[in-house]
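A short worksheet on the structure shown next.
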Amino acid sequence: MAFLNIPAARLQLVKLTALFSFLTPLPIASATYTIARCCTLAVRTEYEKYYDDKFPWQVCNFNIDINYSTNETFVSITKPLWWVKEFCPGTQLSDTRQWLQPLATYISPYIGLLLLCPKGKTEQDDETKEKPWAGLFWAVVATLKELVSILGDPASAISGAASEIYADTVALWDISSLPAERQRPRWVAALAGALKFSSKTDWRRRQGPTQSASESEPFLKGTTVTSNNEVPSEATTQPYVDTNGEETARAISICIAARASFASTILIPVVLMLAVTAATFYDAYANKGDKDTGLALAYCIWYSWILVPAVAGNCFATVLSPDLARRAFHKVMYFDRGEKVIVALRDRHVNNQFWGNWLRRQDQEHHRGFKEFRQELGRDFWFWMRLLAWNMLGWSVVAVACGAGAAVAWTTPTVGLGCRSFNFILYGILAFVNAGLQVWYSWLTVRDSDNLEGTSEQQAGIFSKLTPVGVVQAVYWFLVGVNALVVVVLGTIFHLVGVYRTCWCDRITMDDNVMIELNSKTAEAYENAQKYWISTAYVVFSIMTLICLVGIVFRQVISRRMDEWIDREEGDREVKI
């Protein structure tokens, strides 16, 4: 028979061809899932549709390094979502390079920027202070809470930093033209503005003909005098302890001399940001059309808002340690050592209103006191609308970062709403909600503060009773925790580990017939990289840089006033000598 005359080599080739034809419709069963393997499977099922001169693994670059420096693109391999769910249900976990490179390139610098943001501080009780390890533990917990607050409610943090810069600039703008007795209160408000203003915050006043040094000794040791005659009253008419202003002037000079340098507060964040930008844009240019590079760029854009509170939060007068300001002014000012000693960025705007009212009291003898102003503030509808506008202004910075990051992730094939773009959009929505809740919670706190004055949150029963302020506070902190720990932290971990690197995660939809892109460096990916990815990154980083430059300009104005004070004090000292 003719079949028996076929040479042995040709017979083996026919057998292999028959076996290959039998196996091509079958899915690949392997514990090691990769998208390239899934792409190869898709090509094998319809091999005649693609190239006749290439094998399936060559079409999908399976175990083949792609040269991203050339303009060469590869054929688009698409399959319906239902097919992907059935034959490619796995997840491609990241290898060492895939998670270590973004961690070192842009995540670590952004963590450094986040740590540079000003944070609130809670006063520890005496029992905690006696236990060093307990004090350290609660200090770490308080710091983590503040970081979670900045991540979960970034709009309020940015708004608070901008409000502090504005208040300091207004207070110090024309201070040189004022007499010395009117300058000193403004300097106190600017340099100690991060400290919580309470009903007891005021100048120290004499209680008798003389005041011994022992009366102020406890403050030097960092403890609180609880004697009633040490607590100033709004109705008191006793003269100030520092009648001639020498102690106040000395405290102002100490705070100004100890202010943080430009290098430690501004230069470091800028250098970190330059490192992030340079590394990110280098990867984007060197790997045009690479899906992982495009998504890494999206995350880098998403985090870019952190630069604003990191720089703006170090542009106002209280960039030095507020504890130093409290100790420097302890002989002339009384600061209530309440539960919250240093006000967090999210609460700076309201706290600045009380400091501003105190300044007006220095110029107007019969101006309203703390409690009266607080009651008026709780009823001032337009003030809270302005605060909401400030928070929305802060949210607009976050919205630019979230929208741009979502746009890059959206245009990364498969084009459409995927896990990462949804993550960015969800963060922006929760940040918007939290910005509004923060205003609501602040208003309820001010409105109900007469009932809570002198007690902590636990003593007042905020959490134990279903009061309006307690409910709003609980909802606010729950959403802040979700936004920070789930959306940001967990979402970033999923990105680094590779949980999102799966075919079905490329497109979030209820339609199983949506086509999913399985190949790398397609013509669509290369075109989107040139048209959207890099240009979007340029725009976002330019916006963030411009905002930071505005803050730096205001910082220079404030620093100029500080230098003028030091020069004037040195000149007066030389005249006296």
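The values are calculated or read from the model by the stated rules, or taken from the named source; none is laboratory data. Nothing here was measured: the structure is a model prediction, and the numbers come from that model. Positions of Cβ are generated from backbone atoms using ideal geometry, with glycine treated the same way; all protein chains shown enter the neighbour counts. Surface areas here come from the heavy atoms of the whole protein model, side chains and all, with no ligands, DNA or RNA. Shrake-Rupley method; radii C 1.70, N 1.55, O 1.52, S 1.80 Å.
So here's what we get for this one:
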item: Count - residues of segment 241-261 that are more than 15 Å from ARG326 (Cα to Cα) and either modelled with pLDDT under 70 or open to solvent by less than 70 Å² (accessible area, probe 1.4 Å) (or both); result: 7
item: Residue that is farthest from the chain's Cα centre (by Cα) [pool: residues in segment 391-413 that are among the polar types (S, T, N, Q) and surrounded by 24 or more Cβ atoms within 10 Å (Cβ to Cβ)]; result: THR412
item: Close pairs (7 angstrom Cβ cut-off, 6 or more residues apart or separate chains): closer than 16 Å to TRP187 by Cβ in segment 551-562, among the aliphatic types (A, V, I, L, M) anywhere; result: ILE558/LEU172; ILE558/ALA317; ARG561/LEU172; ARG561/ILE175; MET562/ILE256
item: Failed item in (1) open to solvent by less than 60 Å² (accessible area, probe 1.4 Å); (2) modelled with pLDDT under 90; (3) under 30 Å from LEU41 (Cα atoms); (4) of a type in the set (A, V, I, L, M), with MET510 passing the rest; result: (1)
item: Criterion: aromatic (Phe, Trp, Tyr) and farther than 28 Å from ALA142 by Cβ - qualifying residue of TRP355, TRP410; result: TRP410
item: Every residue from segment 362-389 that is touching a residue at least 24 places away in the same chain (Cβ under 8 Å), in a helix (DSSP H, G or I) and open to solvent by less than 60 Å² (accessible area, probe 1.4 Å); result: GLN362, PHE370, ARG374, LEU377, GLY378, PHE383, TRP384, LEU387, LEU388
item: Flag for PRO80 being open to solvent by less than 30 Å² (accessible area, probe 1.4 Å), at pLDDT 85 or above and under 17 Å from PRO309 (Cα atoms); result: no
item: Segment 176-193, subset more than 19 Å from ARG259 (Cα to Cα) and among the hydrophobic types (A, V, I, L, M, F, W, C), residue most open to solvent (accessible area, probe 1.4 Å); result: ALA180
item: Unmet requirement for MET562, which otherwise passes all of (1) part of a helix (DSSP H, G or I); (2) surrounded by fewer than 20 Cβ atoms within 10 Å (Cβ to Cβ); result: (2)
item: Selection from segment 152-171 of residues that are of a type in the set (Gly, Ala, Ser) and open to solvent by 10 Å² or more (accessible area, probe 1.4 Å); result: ALA162, ALA167, ALA171
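Conditions (1) under 36 Å from the mean Cα position of the chain (by Cα); (2) assigned to a helix (DSSP H, G or I), marked per residue:
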residue	(1), (2)
TRP83	no, yes
SER94	yes, no
LEU103	yes, yes
ILE107	yes, yes
